[in-house]
Amino acid sequence: MRLNADSKMSTNVALAVASDEKVKSFTEDIDTDEEKLVKLFDIIKPKSYNYKYLKSNNSDSLNIGFSAQEIEQAMIDLDIAPEKYGILNIQYGHMLSRGNDFEDGKYYTKFYEISYNDLFNLALLKTHMMEKEHVERLVALEEKASKLDELEARLSALENK
C-alpha cells in the first residue's frame, strides 16, 4: 500500500508478514556480516524530522527516524551491499504525490525507503551481541574476583605463620 506524503495510516489490527519456515529459505549471510551489521548502529543516529510536504506540520509534532542516504553510505563504508538485507528500498524513476492532483507530483530519479522492520531486527542483533559481551565480561570479572579471593587467603595464611 502506498500513501502520499500527506497521509497517515492508522489501524486497530496489526499488520503481519509471512514468517513461517515453510515460506523462507534461511542463509548464513547474517553470521558472515554480523560484526559489520552491528557497527551500523555505531554510525547511524536517529534524528527528529518533519515531512516537507505535509500541510499539518508543526514544530511541536516531530517524528523520529533515519536518513536512508546515511544508512546507504554507512553500509557502503562497512562493505555491505545496501540492498542486501532489505533495509533500503531504492527506486529509480519514482513519482511522489504531494497533493491531490497529478500536477502535485514530484519526480525523483532516485528515491529511498527504509524498512524499519528489518532495521529493528538488526537492532535486536546488536542488543544480543552487547548482552553476550556483557555476560563474557561478568564471567571474566568473577574469575578475577575468585583468583583475588584465593590470593588474599594465601596472603593471610602466610601472614599468620
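Checking residue 148 against (1) surrounded by fewer than 10 Cβ atoms within 10 Å (Cβ to Cβ); (2) of a type outside the set (S, T, N, Q); (3) modelled with pLDDT of 90 or more; (4) part of a helix (DSSP H, G or I), which test does it fail?
It is condition (1) that residue 148 fails.
Quick one: how many residues across region 96-119 are part of a strand (DSSP E or B) and more than 19 Å from the chain's Cα centre (by Cα)?
Matching residues across region 96-119 total 9.
Taking the conditions exactly as written (in contact (Cβ under 8 Å) with a residue 24 or more places away in the chain and either in a helix (DSSP H, G or I) or of a type outside the set (S, T, N, Q) (or both)), does residue 122 satisfy them or not?
yes
Taking residue 71, is it closer than 30 Å to residue 18 by Cβ and modelled with pLDDT of 90 or more?
Yes, satisfied.
Are there any pairs with C-beta distances below 7 angstrom linking a residue in region 32-61 that is of a type in the set (A, V, I, L, M, F, W, C) and part of a strand (DSSP E or B) to a residue that is at pLDDT below 90 and open to solvent by 100 Å² or more (accessible area, probe 1.4 Å), with the two at least 6 apart or on different chains, and if so which?
Note: no pairs meet the criteria.
Of all residues in region 31-56 being surrounded by 14 or more Cβ atoms within 10 Å (Cβ to Cβ) and at pLDDT below 80, which is farthest from residue 90 (Cα to Cα)?
54
Select, from 73, 91, the only residue that is touching a Phe, Trp or Tyr at 6+ places or on another chain (Cβ under 8 Å) and under 29 Å from residue 25 (Cα atoms).
91
If we scan region 99-114, do we find a residue that is under 25 Å from residue 29 (Cα atoms), surrounded by 10 or more Cβ atoms within 10 Å (Cβ to Cβ) and not aromatic (Phe, Trp, Tyr)?
yes
For region 65-98: of the residues being touching a residue at least 40 places away in the same chain (Cβ under 8 Å) and among the hydroxyl-bearing types (Ser, Thr, Tyr), which is surrounded by the most Cβ atoms within 10 Å (Cβ to Cβ)?
85
The values are calculated or read from the model by the stated rules, or taken from the named source; none is laboratory data. Computed from a predicted model, the values in this text were never measured in an experiment. No Cβ is skipped: glycine too gets one built from the backbone with ideal geometry, and neighbour counts run over all protein chains shown. Accessible surface areas use protein heavy atoms only, side chains included; no ligands, DNA or RNA. Shrake-Rupley method; radii C 1.70, N 1.55, O 1.52, S 1.80 Å.
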